[in-house]
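The values are calculated or read from the model by the stated rules, or taken from the named source; none is laboratory data. Just so it is clear, the model here is predicted, and its values are computed rather than measured. Neighbour counts are summed over all protein chains in view; Cβ atoms, including those assigned to glycine, are modelled from backbone coordinates with ideal geometry. We work out accessible area using only protein heavy atoms, side chains counted, and drop any ligands, DNA or RNA first. Shrake-Rupley method; radii C 1.70, N 1.55, O 1.52, S 1.80 Å.
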Amino acid sequence: MTLSRTAPKATEPSNSTNTNSNSNTKSPEAGAETPISGIQPTGRSHAIATFLAGDTSLQILPHFNLEGIPLLLIPPKNDQSNVTDNPKKTLGPFQAGIPITVPLYIATLMRRRQLCHLICPPWLTVPILTRVLAHETDVTQSTFSPELPTQYREIARTILAAVGNSTHSDSTEIPE
């Protein structure tokens with residue numbers, strides 16, 4: 001049994017002479033978006049961008065004390081040293097009430113387990129976002145605002161999803 005990504009409609013005759021049977025483009029009558037520069041947008045592109053944004057640094061305020069969290073580090077392919085020769089890397093130490101910078105994926109994991117508060121990045125505050133909006137709606141500006149990080153959408157979505165329906169009244173965690 002062969003599965004294909006797109007099947008011909010029952011009312012359309014199958015074109016067996018089509019040499020481009022692996023095409024990822026959809027017909028305009030199917031309501032698909034027109035690709036830009038010949039690149040078809042995929043559902044994976046958002047997931048990949050979110051994954052890559054996970055390495056962004058974010059400050060947290062932990063609710064616990066811990067000496068450190070060991071990290072698994074894989075040396076680059078061109079590194080000829082033995083993995084056991086590399087010293088173990090740890091993230092921490094964590095002290096309750098003392099801010100620490102961690103990767104976004106660890107910060108959101110800890111927040112979902114209610115082990116910390118997320119400290120709102122400066123660019124995600126109302127005054128900065130108001131300036132960004134003014135900059136990007138100004139017709140004389142031909143560039144994006146330099147105040148936002150490269151993957152601001154994915155970072156903001158990840159932070160806001162982790163905070164969710166927070167019952168805390170900490171104004172530093174969620175922007176208004």
Which of the residues belonging to region 115-160 are hydroxyl-bearing (Ser, Thr, Tyr) and not in a helix (DSSP H, G or I)? 125, 140, 142, 143, 145, 150
Which one is least open to solvent (accessible area, probe 1.4 Å) among residues in region 89-114 that are assigned to a loop (DSSP other than H, G, I, E, B) and within 20 Å of residue 161 (Cβ to Cβ)? 114
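Which one is most open to solvent (accessible area, probe 1.4 Å), of the residues in region 132-153 that are closer than 22 Å to residue 52 by Cβ and β-branched (Val, Ile, Thr)? Steps first, answer last, please.
Of the residues in region 132-153, the ones closer than 22 Å to residue 52 by Cβ are 132, 144-153.
When the remaining residues are screened for being β-branched (Val, Ile, Thr), the result is 132, 150.
On the way: 132: 11, 150: 135 Å².
So, considering only residues that are closer than 22 Å to residue 52 by Cβ and β-branched (Val, Ile, Thr), the one most open to solvent (accessible area, probe 1.4 Å) is 150.
Does residue 61 fit the bill of being modelled with pLDDT of 95 or more, open to solvent by less than 70 Å² (accessible area, probe 1.4 Å) and under 26 Å from the mean Cα position of the chain (by Cα)?
On the way: modelled with pLDDT of 95 or more: yes; open to solvent by less than 70 Å² (accessible area, probe 1.4 Å): yes; under 26 Å from the mean Cα position of the chain (by Cα): yes.
Judged against the criteria, residue 61 is a match.
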So residue 84 clears everything in (1) modelled with pLDDT of 90 or more; (2) not in a loop (DSSP other than H, G, I, E, B) except one condition, right? Which one? (1)
When the residues of region 115-126 are filtered to those that are over 14 Å from residue 66 (Cβ atoms) and in contact with a strand residue (DSSP E or B) (Cβ under 7 Å, 6 or more places away or on another chain), which remaining residue is most open to solvent (accessible area, probe 1.4 Å)? 119
Every residue in region 43-58 that is farther than 24 Å from residue 101 by Cα and open to solvent by 80 Å² or more (accessible area, probe 1.4 Å), please. 44, 46
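Would you check if residue 129 is open to solvent by 80 Å² or more (accessible area, probe 1.4 Å) and either in contact with an Asp or Glu (Cβ under 9 Å, 6 or more places away or on another chain) or without any contact (Cβ under 8 Å) to a residue 60 or more places away in the chain (or both)?
On the way: open to solvent by 80 Å² or more (accessible area, probe 1.4 Å): no; either in contact with an Asp or Glu (Cβ under 9 Å, 6 or more places away or on another chain) or without any contact (Cβ under 8 Å) to a residue 60 or more places away in the chain (or both): yes.
No, not satisfied.
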